[in-house]
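Structure record follows, encoded as structure tokens.
The values are calculated or read from the model by the stated rules, or taken from the named source; none is laboratory data. Given the structure is predicted, the values throughout are model-derived calculations rather than measurements. Every residue, glycine as well, gets a Cβ built from its backbone with ideal geometry; the counts of neighbours run over all protein chains shown. Accessible surface areas use protein heavy atoms only, side chains included; no ligands, DNA or RNA. Shrake-Rupley method; radii C 1.70, N 1.55, O 1.52, S 1.80 Å.
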There are 2 protein chains.
Amino acid sequence: MLVVEDDVTVREVVVSYLRAAGHDVSEAPDGAAGLELMQRSPADLVVLDLMMPGIDGLEVCRRLRSGGDVPIVMLTALGGEQDRVVGLELGADDYVTKPFSPRELVLRVDSILRRTGRTSEEPALLTDGDLVVDAARHEAVLRGVVLPLTGREFDLLRHLVAHPGRAFSRDDLLREVWGWTVGDQSTVTVHVRRLREKVEADPTSPVRLVTVWGVGYRWETA
Amino acid sequence: MLVVEDDVTVREVVVSYLRAAGHDVSEAPDGAAGLELMQRSPADLVVLDLMMPGIDGLEVCRRLRSGGDVPIVMLTALGGEQDRVVGLELGADDYVTKPFSPRELVLRVDSILRRTGRTSEEPALLTDGDLVVDAARHEAVLRGVVLPLTGREFDLLRHLVAHPGRAFSRDDLLREVWGWTVGDQSTVTVHVRRLREKVEADPTSPVRLVTVWGVGYRWETA
DNA sequence: CCGCGCCGTCACGGCTTCGTAAGGGTTCGA
DNA sequence: TCGAACCCTTACGAAGCCGTGACGGCGCGG
């Protein structure tokens, strides 16, 4: 994923948020650099500022379009109705008007990746022994029985099973599952407990959703 | 398929997207050229800009209508409520207001082709146990009885049955069935309810058109 | 011209799920 | 062994989500 934005502050914020969301992000300070980067190593999506010195966003958009059909998210100035029109006509897949919340941008980006199916993220089907986590169906099956998970529980389980053996801090999980940057850690604690209730044979002594003392939690492969 | 649009940039983007979607596309820079092309080799669908120099979209639309029943998709300017009304009155099958994303336009075009049965895309016959969805006849049969579905209900059912087991969000369905990019999610909710009324043995506890809490809906294979 | 059917919207009520707080238990290091 | 940090458990209010019924607009056919 490539972020092309001249304002250093904005760029850094955007990039850090996208990285926190689990994306592999490269960045460019202007249109020329962006185009060059895209030629060397094509990205799966481009976040593009409209107003930039040198080659502006529109021109970059046009050239990217002529070279392929990579999805493009435009960053446009507030009230730039005209910009927005031109941008979309040129093939931007979505636009976000400044000022925007980074969180919103991440949402849009994820949505487009999902929509265009070019996300190289986790496979739709995760398995771990007698457990199957099916992202497409939004359903988890344990020993042939469908687990009655709530939305959050499912998200949490999927994330853990997708990275077996790795220990996550509560803050990690808040950021990567909840999408929060601030929040009460006990939220995670409680959800882990509820999840254990449904996933563990004996919830009082977990063997798969293990707690890592002083750190957080880890999914243990069966 | 024919695209009539005076703005070179917009035309190129639209054409390239339609071609990428597997359509055979010819193009014309103005109304006169468009009409002439249609006479020489009639297209199965016309994408038509409303505002054009010379013979404008409305006039082209009128003349096309008098010469046959080719489906027409209008491109109208932002806020052109009046244009939209006039366009539809003249027999456009759908309209897309600028700004639009090229992907959205492709969706609309495909939707219309499917609706008017002028395309041989997805399999015409879907089956799921005692249910048969016949796209060609635009008819669904359950246990040998034809379901009295409305247009939207049929579209919705076909889309769900075509992707059994997959959970769709309301936004997904608005985009993929309605062809909208924005819209009230409750629209989907209500249509699902009405569809259940006709498809489920006990609509109060659905077993085939299942709701996925916090996400959307899913079609459960029989 | 009128009636009918389809569609999109809205408001309401019930229910699920969520986040937080508080208290008790457990683990670790000294 | 003891204290402190950390974790588990429980309960509860609030918010969010879904289903339902009803209404008005619009197009279509009688």
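Descriptive notes on the structure:
- Residue within the range A:188-204 that is away from DNA strand D (no atom under 16 Å from the Cβ) and either modelled with pLDDT of 95 or more or surrounded by 19 or more Cβ atoms within 10 Å (Cβ to Cβ) (or both) present: no
The rows are residues; the columns are (1) closer than 29 Å to B:GLY144 by Cα; (2) at pLDDT below 95; (3) within 12 Å of chain A (Cβ to nearest Cβ); (4) open to solvent by 40 Å² or more (accessible area, probe 1.4 Å).
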| residue | (1), (2), (3), (4) |
| --- | --- |
| B:GLY165 | yes, yes, yes, no |
| B:GLU176 | yes, yes, yes, yes |
| B:SER186 | no, no, no, yes |
| B:VAL210 | yes, no, yes, no |
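- For the range B:185-218, filtered to residues that are hydrophobic (A, V, I, L, M, F, W, C) and over 17 Å from B:ARG166 (Cα atoms), the residue that is farthest from DNA strand C (Cβ to nearest atom) is B:ALA201.
- Pairs with Cβ under 8 Å, 6+ apart, first in the range B:141-160 and of a type in the set (Ser, Thr, Tyr), second within 11 Å of DNA strand C (Cβ to nearest atom): B:THR150/B:ARG194
- Output for the range A:132-172, where each listed residue is within 15 Å of DNA strand C (Cβ to nearest atom), out of contact with any strand residue (DSSP E or B) (no Cβ under 7 Å at 6 or more places or on another chain) and of a type in the set (A, V, I, L, M): A:LEU156
- Yes/no for B:ASP172 being among the acidic types (Asp, Glu) and open to solvent by 60 Å² or more (accessible area, probe 1.4 Å): no
- Just one of (1) more than 30 Å from A:MET74 (Cβ to Cβ); (2) in contact with a Lys or Arg (Cβ under 7 Å, 6 or more places away or on another chain); (3) at pLDDT below 90 fails for A:LEU125. It is (2).
- Selection of first residues in the range B:186-212 that are without any contact (Cβ under 8 Å) to a residue 24 or more places away in the chain and assigned by TED's automatic domain parsing to the domain that holds B:PHE154 and of second residues that are open to solvent by 60 Å² or more (accessible area, probe 1.4 Å) and within 14 Å of DNA strand C (Cβ to nearest atom), restricted to Cβ pairs under 8 Å at least 6 apart or on distinct chains, gives the following pairs, ordered by first then second residue: B:PRO203/B:ARG193; B:PRO203/B:GLU197.
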